[in-house]
Amino acid sequence: MKKITKEIITNYKLIWILAINDFKQKYSGSYLGIIWGLIHPCVTILLYWFIFQIVMPNIEISGDNTPYILWLLAGLVPWFFFQETIISSSRVFLDYNYLVKKVVFKIEILPIVRILSGLFIHIIFIGFMLIIYIFNKQLIFPYFLQILYYTFTMVILVTGMSYMTSSITVVFKDLTPIINIFLQAGTWITPIMWDIKKTIDLPIINLILKLNPMYYIVNGFRDSLLYHTWFWERPKQTFYFWFITILFLGFGTKIFKRLQPDFTDII
């Protein structure tokens, strides 16, 4: 972990340049460019809003008489970043195979490149979300500043997971569709579209669902924007999240160091 951290700090300029190029390449060759990166999430948000707010308005899925579109946005915005980054970073060594084969290139930085690239569009979506909250007179200072903290925690979580998945994908390419399946299920069990406190009255099920570290992030965004609760007011959840995140970091970097010597032979 120390070696990887050192490489990231030493090569921060290179990481920034590669992240910008990676971000541009996602939308190169299309007329709308970066707008395509916004269209799909926006359509998804509107679809869920239409189904749960218009088609099935009598189902209680968010609490405290909160407008559903605001409650939904607070969950989907961090989830979009998590989902997109996990998928894209899991293939980073395969996508940048020409760099992996270069002996002098520090491939430790490549997962960070993908995470930073995904963070650009995430920042745009946070701005979009905050504008909607301002129009609805729901943005309360200084609670919404916690979004910076929860975004940071999500980046650390994704970093550990990315080193793990990207390394395993090199030797087991079927991992990518498996990740897609888990992410589809994760949309419902995090949960994003419905509130477990309002829907499930079984403490054991609620506890199991809360073991998902993304529950802490999603709930944190809602605490910052809707419920005006500081993260230190949830000490047990905060401790558990950081414990799991540190495990992911340690386990992910260990797998990377174990598999890295075989990358050039496999790719």
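What follows is calculated from the coordinates using simple rules that are stated; it is not laboratory data. Just so it is clear, the model here is predicted, and its values are computed rather than measured. Glycine also receives a Cβ, built like all others from the backbone with ideal geometry; neighbour counts cover every protein chain displayed.
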Taking the 0 to 90 degree range and rounding to the nearest ten, how far is the long axis of helix 12-26 tilted relative to the main principal axis of the chain, both from C-alpha atoms?
70 degrees
Dipole check, the chain, charges on Cβ (K,R +1; D,E -1), about Cα centroid: among Phe231, Tyr150, Val104 the Cα furthest to the positive pole belongs to Val104
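What is the mean projected area of the alpha carbon convex hull for the range 71-153, to one decimal in square nanometres?
Values: hull surface 24.7 nm².
That works out to 6.2 nm², a quarter of the Cα hull's surface.
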Exposure proxy check on Lys257, Lys3: fewest-to-most Cβ neighbours within 10 Å is Lys3, Lys257
Provide Rg over Rh for the range 118-262; use the alpha carbon set for both Rg and the Kirkwood Rh (inverse mean inverse pair distance).
1.00
Global size of the chain as Cα Rg and Dmax, reported in angstrom
19.2, 60
Compute the FRET efficiency between Leu47 and Val171 as 1/(1 + (r/R0)^6), taking r as their Cβ-Cβ distance and R0 = 35 Å, and round to the nearest 0.05.
0.40
Charge dipole magnitude, Cβ of K and R +1, D and E -1 - the chain, Cα centre, debye nearest 20
780 debye
Rounded to the nearest 0.05, what FRET efficiency do Asn97 and Trp188 have when you use their Cβ-Cβ distance and R0 = 35 Å?
0.50
Provide the per-residue ³J(HN,Hα) series for the range 177-182, in order, calculated from phi with Karplus coefficients 6.51, -1.76, 1.60 and θ = phi - 60°, each as a whole number of Hz, with x at glycine and proline positions.
x, 5, 4, 4, 5, 5
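Just from its helices, what would the mean residue ellipticity at 222 nm be for the chain, if runs of 4 or more DSSP H residues each count -39500 (n - 2.57) and the sum is divided by every residue, rounded to the nearest 500 deg cm²/dmol?
-22500 deg cm²/dmol
Given a Förster distance of 41 Å, report the FRET efficiency between Asn180 and Val104 from their Cβ-Cβ distance, rounded to the nearest 0.05. Please list the in-between numbers first.
On the way: r = 34 Å, r/R0 = 0.83.
Once the sixth-power term is evaluated, E becomes 0.75.
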